[in-house]
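Note sheet for the following structure.
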Amino acid sequence: SPALHLQKVQRRYAQGETTLEILRGIDLTLWPGQSVALIAPSGAGKSTLLHLAGLLERPDGGEIYVGDQPTAHMDDAERTALRRLEIGFVYQFHHLLPEFSATENVMLPQMIRGLGRAEARRRAEELLAFLGLGQRLSHRPGMLSGGEQQRVAIARAVANTPRVLLADEPTGNLDPKTADHVFAVLTEIVRASGLAALVATHNLELARRMDRRVTLRDGLLVELE
Ligand code: ADP
Ligand code: ADP
């Protein structure tokens, strides 16, 4: 089954007397192992779409399936539980905990889920090594470069083997060369782990690295070449 499936998803905001129809019926299917770039101008609704897909907000219409589970009928606690299990987030800024090492930052979500310390550490070190950070395990975020910080954030986001990775401008704060490297390891880990990624970006060149490119036009999703 798809990793993530949006069916006729709608979102509108009241703005004074009028209603802003941000998303008018989004249909999107992400398959396991697939990376999709979401490219659209500011204000088009990218963050709204990512928040809906991440079960952080509720749509005004339509249905969102995570794996084969429909979510519209779920209460907040069920949605949070499903989010923690199945969805990883990466943001423009890494939001790592400054007092913890790279390894500990990646261990944390696993331990919150209930994994033992040793197992969480083993998984964290393996992931960080895969992302080229084998020599940075005990560094705190402040001791890492911007690109290294984002790679730790990616490791943290996929530590619990989610079905879906959602990223909002993950390289927006990096220089072009570093951004290119971070995108490369991101797509690599998507393919290697079989998760599905939806990545909002302004960078068309980096979007070329992804399997598919989509945009938002008048509240609808359009596939790009
Ligand atoms: P993008 O991420 O593509 O820049 P957003 O999803 O952040 O776009 O916003 C899309 C539109 O929805 C914008 O016009 C924004 O002002 C509006 N919007 C976003 N969140 C809210 C909100 N909570 N209330 C009212 N309007 C909102
Ligand atoms: P936590 O496990 O820290 O309580 P949640 O389960 O509520 O967090 O959310 C899981 C992920 O969603 C985390 O990565 C968190 O940073 C992110 N998140 C939570 N609320 C928001 C929000 N309002 N906007 C953007 N991201 C959020």
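The values are calculated or read from the model by the stated rules, or taken from the named source; none is laboratory data. None of these values were measured; they are calculated from a predicted model. In this analysis, Cβ positions are derived from the backbone assuming ideal geometry, glycine residues included, and neighbour counts consider all displayed protein chains.
Given the conditions (1) over 17 Å from the mean Cα position of the chain (by Cα); (2) in contact (Cβ under 8 Å) with a residue 40 or more places away in the chain, which single one is not true for Thr103?
(2)
Could you list all residues from the range 31-61 that are near ligand 1 (Cβ under 8 Å from one of its atoms) and within 17 Å of the chain's Cα centre (by Cα)?
Taking the range 31-61 and keeping what is near ligand 1 (Cβ under 8 Å from one of its atoms), we get 40-51.
Those that are near ligand 1 (Cβ under 8 Å from one of its atoms) and within 17 Å of the chain's Cα centre (by Cα): Ala40, Gly45, Lys46, Ser47, Thr48, Leu49, Leu50, His51.
Counting only residues that are away from ligand 2 (no atom under 16 Å from the Cβ), modelled with pLDDT of 95 or more and surrounded by fewer than 20 Cβ atoms within 10 Å (Cβ to Cβ), give me the strands (runs of 3 or more DSSP E) lying completely in the range 1-103 with at least 1 of them.
Answer list for the range 1-103: 4-15, 18-30, 61-66.
All but one of (1) surrounded by 20 or more Cβ atoms within 10 Å (Cβ to Cβ); (2) among the small types (Gly, Ala, Ser); (3) free of Cβ contacts under 8 Å to residues at least 60 places away in the same chain hold for Ala184, so report the exception by its number.
Of everything listed in (1) surrounded by 20 or more Cβ atoms within 10 Å (Cβ to Cβ); (2) among the small types (Gly, Ala, Ser); (3) free of Cβ contacts under 8 Å to residues at least 60 places away in the same chain, Ala184 misses just condition (1).
Is there a residue being part of a loop (DSSP other than H, G, I, E, B) and among the hydrophobic types (A, V, I, L, M, F, W, C) anywhere in the range 185-196?
yes
Could you list, in sequence order, the residues of the range 162-184 that are over 14 Å from the mean Cα position of the chain (by Cα) and either in a helix (DSSP H, G or I) or β-branched (Val, Ile, Thr) (or both)?
Passing the criteria: Pro176, Lys177, Thr178, Ala179, Asp180, His181, Ala184.
Would you be able to tell me the number of residues in the range 206-222 that are exposed (fewer than 14 other Cβ atoms within 10 Å of the Cβ) and either within 19 Å of the chain's Cα centre (by Cα) or among the hydroxyl-bearing types (Ser, Thr, Tyr) (or both)? Break it down into steps so the answer makes sense when it comes.
The first filter runs over the range 206-222 and keeps only residues exposed (fewer than 14 other Cβ atoms within 10 Å of the Cβ), leaving 208, 217-218, 220, 222.
Right, trim to either within 19 Å of the chain's Cα centre (by Cα) or among the hydroxyl-bearing types (Ser, Thr, Tyr) (or both) and you get 208.
The number of residues fulfilling the criteria is 1.
Go through the range 104-135 and count every residue that is under 21 Å from Thr80 (Cβ atoms) and not in a helix (DSSP H, G or I).
2
Criterion first (outside any loop (DSSP other than H, G, I, E, B), among the charged types (D, E, K, R) and farther than 27 Å from Thr80 by Cβ) does Glu148 satisfy it?
Values: outside any loop (DSSP other than H, G, I, E, B): yes; among the charged types (D, E, K, R): yes; farther than 27 Å from Thr80 by Cβ: yes.
So Glu148 passes the test.
Could you tell me whether the range 81-88 includes any residue that is within 16 Å of ligand 1 (Cβ to nearest atom) and in contact with a Gly (Cβ under 6 Å, 6 or more places away or on another chain)?
Within the range 81-88 (the criterion being within 16 Å of ligand 1 (Cβ to nearest atom) and in contact with a Gly (Cβ under 6 Å, 6 or more places away or on another chain)), the answer is no, since none of the residues qualifies.
What are the pairs with Cβ atoms under 9 angstrom where one residue, in the range 66-84, is over 21 Å from Trp31 (Cα atoms) and the other, located anywhere, is in a helix (DSSP H, G or I)? Sequence gap at least six, or different chains.
Close Cβ pairs (under 9 Å, with a partner that is in a helix (DSSP H, G or I)) amount to Met74/Ala81; Met74/Leu82.
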